[in-house]
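Data block below; observations after.
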Amino acid sequence: MKPPIVLLICTTFLACLNFAFSQLKDGQPNIILIMADDMGYEALSSNGSESCQSPNLDKLAKGGIRFTNCFSNPICTPSRTKIMTGQYNVRNYVKFGMLDRGQTTFAHQLKQAGYKTAIAGKWQLGNQPDSPQHFGFEKSCLWQHTRGGRSNENGKRIDRRFVNPMLEFNGKEKDFTSGEYGPQVCTDFVCDFIDENKKRPFLVYYPMILTHCPFDPTPDSTDWDPKRLGSTTYKGDKNDPQRHFIDMVNFADKMVGQIIKQLEKSGVRENTILIFTGDNGTDKPIVTPWKGTEVVGGKGSMSDTGTRVPLIVNWPAGIKKPGRVTDDLVEFTDMMPTLCELSGADLPKNHPADGASIVPVLQNKRDVRKKDWIYIWYRNQVMIRNKKYSLLAKQDGSGATLTRYKGQFNGKELIDQKMNKAERTTKEEFEDIMAQMSKTRLSTASEEGRIMGLKNKSNR
């Protein structure tokens with residue numbers, strides 16, 4: 001009788017393990033990370049915009065947490081490299097439009113933890129057909145993946161990201177010519193993925209095509225023309241970029257609303273974490289009326305207008321005391337530890353501790369989290385900043401200038417002779433951090449990536 005008893009015990013034990021495992025999987029939250037392109041902090045009405053309307057995002061903020069001190073890099077590829085790998089660019093950034101294929105992303109980690117993974121929107125991180133899958137995304141719908149996303153028509157170079165776009169689905173190219181709109185195609189892809197995977201945990205990373213130039217009409221604009229093949233100029237063919245930027249913000253917000261409706265329809269809204277941010281500051285020539293003043297787009301500059309971006313986190317089942325507005329310091333290196341903690345995934349092996357998870361903030365335990373400064377490395381410049389001060393210097397540390405901030409977009413450069421003792425101490429501490437970080441250049445890059453990075457004389 002002993003063998004059957006042993007078999008019964010083993011079978012029962014395995015059944016218990018399987019049940020426990022299924023319960024763990026059921027409890028894992030779904031995660032959707034949306035990153036708008038070239039949308040600065042001032043572009044959302046919940047953040048104070050007096051021209052753009054973002055009702056869906058405003059509603060997410062009221063039911064979640066709105067962050068007032070989130071910072072990106074000044075342009076897209078460095079920001080995307082940082083957010084996906086959770087590392088400061090000085091460690092692993094090799095060149096514009098490329099992600100070192102030796103890097104580990106949050107998609108890798110969540111996929112290992114049992115998540116289904118997808119990416120939609122703008123890629124610009126390597127043109128190999130398998131790039132998204134190589135970096136952990138099982139499904140993809142992208143612009144600027146295997147090709148540049150532009151076509152030659154009658155001797156003119158046409159931008160094909162918006163009206164009648166040129167996209168790639170899982171590395172296979174598809175051109176649209178019947179009045180389709182790129183952001184809508186990508187959002188529909190995301191919604192289909194959500195419904196297909198509603199019975200298992202999923203990760204969606206949606207680096208939006210909006211609100212990057214060209215500043216052209218959306219399908220909701222009065223001058224929308226579905227027969228156009230795109231813009232013949234980089235900034236846009238129309239003469240009203242301000243109005244079209246407003247339309248683009250409105251449409252991006254509409255796409256967020258569509259995703260929320262799909263989550264509700266698929267029955268997974270409660271346990272889905274939705275994170276919304278921007279990859280860098282708003283582009284020129286956009287000027288946004290904001291809280292009684294005007295904010296001039298600063299994309300590409302190591303400034304508040306170039307690096308301050310919106311951040312909203314909404315999770316009906318998990319956020320304690322929703323509706324909060326917090327000034328916690330947040331940056332893109334924080335996303336890797338945040339997503340890993342939320343999902344139960346492991347951090348990559350030997351991962352540098354550049355980021356600090358924001359989960360304690362979501363749990364209303366902000367005193368647990370420690371984040372004293374952030375570091376931005378871009379175009380032969382480096383910047384250290386906290387909530388009140390930023391130190392900008394050349395890559396070798398020379399020409400360091402300390403700026404004091406009184407709220408958003410209100411900075412004043414300080415002269416050394418007029419600094420108080422605390423400010424001089426802050427500058428010295430920041431300079432020490434810069435010196436230490438300069439020693440980490442390409443420290444986590446692959447051998448191939450290191451060779452590529454050393455050829456890139458500018459850290460753009």
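Return the pairs, sorted by first residue and then second, in which the second residue is not in a loop (DSSP other than H, G, I, E, B) and not polar (S, T, N, Q), the first residue lies in the stretch 97-116 and is open to solvent by 30 Å² or more (accessible area, probe 1.4 Å), the beta carbons are less than 6 Å apart, and the residues are 6+ apart or on different chains. Qualifying pairs under 6 Å: 102/449; 114/25; 116/202.
Counting the residues of the stretch 260-296 that are of a type outside the set (Gly, Ala, Ser) and in a loop (DSSP other than H, G, I, E, B) gives 12. Sub-7 Å Cβ pairs linking a first residue in the stretch 300-314 that is more than 14 Å from residue 407 (Cα to Cα) to a second residue that is assigned to a helix (DSSP H, G or I) and small (Gly, Ala, Ser), at least 6 apart or interchain, are 300/306; 312/61, ordered by first then second residue.
Just one of 261, 238, 284 is at pLDDT 95 or above and either open to solvent by 10 Å² or more (accessible area, probe 1.4 Å) or farther than 21 Å from residue 56 by Cα (or both); which is it? Walk me through how you get there before you give the answer.
Details: 238 fails: at pLDDT 95 or above; 284 fails: at pLDDT 95 or above.
One residue alone meets the criteria, 261.
Considering each residue of the stretch 329-340 in turn, none proves to be open to solvent by 60 Å² or more (accessible area, probe 1.4 Å) and on the phi < 0 side of the Ramachandran plot.
How many residues are of a type in the set (S, T, N, Q), in contact (Cβ under 8 Å) with a residue 40 or more places away in the chain and open to solvent by 30 Å² or more (accessible area, probe 1.4 Å) if we restrict to the stretch 145-193? Outline the logic, then answer.
Step one: of the stretch 145-193, the residues of a type in the set (S, T, N, Q) are 146, 151-152, 154, 164, 170, 177-178, 184, 187.
Pick out the ones that are also in contact (Cβ under 8 Å) with a residue 40 or more places away in the chain and you get 151, 164, 177-178, 184, 187.
Now drop any that are not open to solvent by 30 Å² or more (accessible area, probe 1.4 Å), which leaves 177-178, 184.
Residues in the stretch 145-193 being of a type in the set (S, T, N, Q), in contact (Cβ under 8 Å) with a residue 40 or more places away in the chain and open to solvent by 30 Å² or more (accessible area, probe 1.4 Å): 3 in total.
Within the stretch 410-438, the set of residues being open to solvent by less than 50 Å² (accessible area, probe 1.4 Å) and outside any helix (DSSP H, G or I) comprises 411, 414, 419.
Among residues of the stretch 226-238 that are under 14 Å from residue 153 (Cα atoms), those with a beta-carbon under 9 Å from a residue that is of a type in the set (Asp, Glu) and assigned to a loop (DSSP other than H, G, I, E, B) at least six positions away or on a different chain give the pairs 228/216; 228/237; 230/216; 230/237; 231/216; 231/237.
Of these, 54, 46, 79, which one is of a type in the set (Gly, Ala, Ser), at pLDDT 95 or above, under 30 Å from residue 351 (Cα atoms) and surrounded by 11 or more Cβ atoms within 10 Å (Cβ to Cβ)? Outline the logic, then answer.
On the way: 54 fails: under 30 Å from residue 351 (Cα atoms); 46 fails: under 30 Å from residue 351 (Cα atoms).
Residue meeting the stated conditions: 79.
In the stretch 316-327 there is no residue matching the filter, namely being crowded, with 18+ Cβ neighbours inside 10 Å and farther than 28 Å from residue 373 by Cα. You will find that of 404, 450, 460, 441, the residue that is in contact with a strand residue (DSSP E or B) (Cβ under 6 Å, 6 or more places away or on another chain), open to solvent by 30 Å² or more (accessible area, probe 1.4 Å) and either of a type outside the set (A, V, I, L, M) or touching a residue at least 24 places away in the same chain (Cβ under 8 Å) (or both) is 404 and no other.
The values are calculated or read from the model by the stated rules, or taken from the named source; none is laboratory data. Small disclaimer: the values here were computed from a predicted structure and weren't measured. Glycine also receives a Cβ, built like all others from the backbone with ideal geometry; neighbour counts cover every protein chain displayed. The protein model used for the area step is the full one, side chains on, heavy atoms only, and it has no ligands, DNA or RNA in it. Shrake-Rupley method; radii C 1.70, N 1.55, O 1.52, S 1.80 Å.
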